[in-house]
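Here is the structure we will look at, set down as structure tokens.
The values are calculated or read from the model by the stated rules, or taken from the named source; none is laboratory data. Quantities reported herein were computed from a predicted structural model and do not represent experimental measurements. Glycine gets a Cβ as well: all are built from the backbone with ideal geometry, and neighbour counts include every protein chain shown. Each accessible area value is taken on the protein alone, full model and side chains, heavy atoms only, with ligands, DNA and RNA left out. Shrake-Rupley method; radii C 1.70, N 1.55, O 1.52, S 1.80 Å.
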Amino acid sequence: MHAVILAGGKGVRLRPYTTALPKPLVPIGDQHAILEIVMRQLAGAGFTSCTLAIGHLGHIIRAYVGDGSQWGLDVDYTTEESPLGTMGPLLTMTDRLPERFLVMNGDVLTDLDFGDVLRDHTVSGAPLTIATYPRRVSIDFGVLTTEAGRVVGFAEKPSMDYRVSMGVYGVSRTALDRYTPGLPLGFDELVLDLLADGTPPNAYEFDGYWLDIGRPDDYDRANAEFAVRRDLLIKGA
């Protein structure tokens, strides 16, 4: 099984931590970088190879990861000379990707079984599988429904349940055929195109532990929780 890790972003929302370090290498706990945890998890889930899509401070990631042999993975690299969006980097490497592969952000802290996501994607036959996570938004106001200047409905401080993308995907190469290598391609554009074509993505629903380390508050929470979740996140380490 093969995985692509998207590790080329500047991590602007996580400054000042990412001023000198690429976001996937910010430390979690006393000993581990986020990317190290991800590499250990991929190897433990049965992945044998991985491509790192790097850009901002990519030379530091290369120096840290090397050929991946320390985790039992065969690692290669592709470099973004300019931002290509979430899915754009894949277009530059389709000739060296298997028919189905995993794609994930390099800053995701989760106990999701990455191997099971790819197996589910393969069985589904869908062009794209999106790992999803439940969220609830509470609105701190009374919400009115109006029609023609009249209030026809009211809810006091309602909550809305929905599912969000975890930044982990199963991808089939055929889903990328229509797009031009070297041009940006966002996750949103790909999903909307698939929906318009009548070939909707498959949803892999997950309710375990997931934290997208995008802001300083998220990073602080990850470090605060890591001591009690370490064995869950990096089994056997």
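Which value, in Å² rounded to 10, gives the accessible area of Ser138 with a 1.4 Å probe and all protein chains present?
Rounded to the nearest 10, the figure is 70 Å².
Around Ala203, with a cut-off of 10 angstrom between Cβ atoms, what is the net charge of the other residues, counting Lys and Arg +1 and Asp and Glu -1?
It works out to a net charge of -1.
Where both residues lie in the chain, what percent of DSSP beta bridges are antiparallel, nearest 5?
So the antiparallel bridges amount to about 55 percent of the total.
Helix-only mean residue ellipticity at 222 nm, the chain, DSSP H runs n ≥ 4 weighted -39,500 (n - 2.57), per residue, nearest 500. What is it?
Helix contribution divided over all residues of the chain: -8000 deg cm²/dmol.
If I fit a long axis through the Cα atoms of helix 187-196 and take the longest principal axis of the Cα atoms of the chain, what angle between them do I get, 0 to 90°, rounded to 10?
Orientation of helix 187-196: about 60 degrees from the principal axis.
Quick check: Cα centre of the stretch 107-148 to Cα centre of the stretch 69-84, how many Å?
The distance from the Cα centre of the stretch 107-148 to that of the stretch 69-84 comes to 27 Å.
I need the peptides 228-235, 104-111 ranked by packing, meaning the mean over residues of other C-beta atoms within 10 angstrom, with the highest value on top.
104-111, 228-235
Find out how many positive minus negative residues lie around Asp116, taking Lys and Arg as positive, Asp and Glu as negative, among other residues whose Cβ is under 14 Å from that of Asp116.
My count for the surroundings of Asp116 gives -3.
Using C-alpha positions alone, give me the convex hull volume of the stretch 105-237 per residue in cubic angstrom.
Hull volume over Cα atoms, normalised by residue count, gives 201 Å³.
Taking a 1.4 Å probe, which of Lys23, Lys157 shows the most accessible area, and what order do the others take after it?
Descending order: Lys157, Lys23.
So, for the chain, what is the accessible surface per residue at a probe of 1.4 Å, expressed in square angstrom?
The answer is 50 Å² per residue.
Quick one: what Rg and Dmax do you get for the stretch 180-237 from the alpha carbons, in Å?
When restricted to Cα atoms, the stretch 180-237 yields Rg and Dmax of 17.6, 46 Å.
At 1.4 Å probe size, put Met93, Met1 in order of accessible surface, largest to smallest.
Most to least solvent-accessible, the answer reads Met1, Met93.
From zero up to wherever the largest Cα-Cα distance of the stretch 15-90 sits, split into 5 Å bins and tell me the percent of pairs in each.
Per 5 Å bin, starting at 0, the Cα pair percentages come out as 3, 15, 24, 25, 21, 10, 2, 0.
Convex hull over the Cα atoms of the chain, averaged projected area in nm²?
Seen from a random direction, the Cα hull of the chain projects 15.7 nm² on average.
Return the carbon/sulfur percentage of the accessible area of the stretch 2-233, one whole number, probe 1.4 Å, all protein chains in place.
Reported share for carbon and sulfur atoms: 51 percent.
Sort Arg62, Arg136 by accessible area with a 1.4 Å probe, largest first.
Heavy-atom accessible area, descending, gives Arg136, Arg62.
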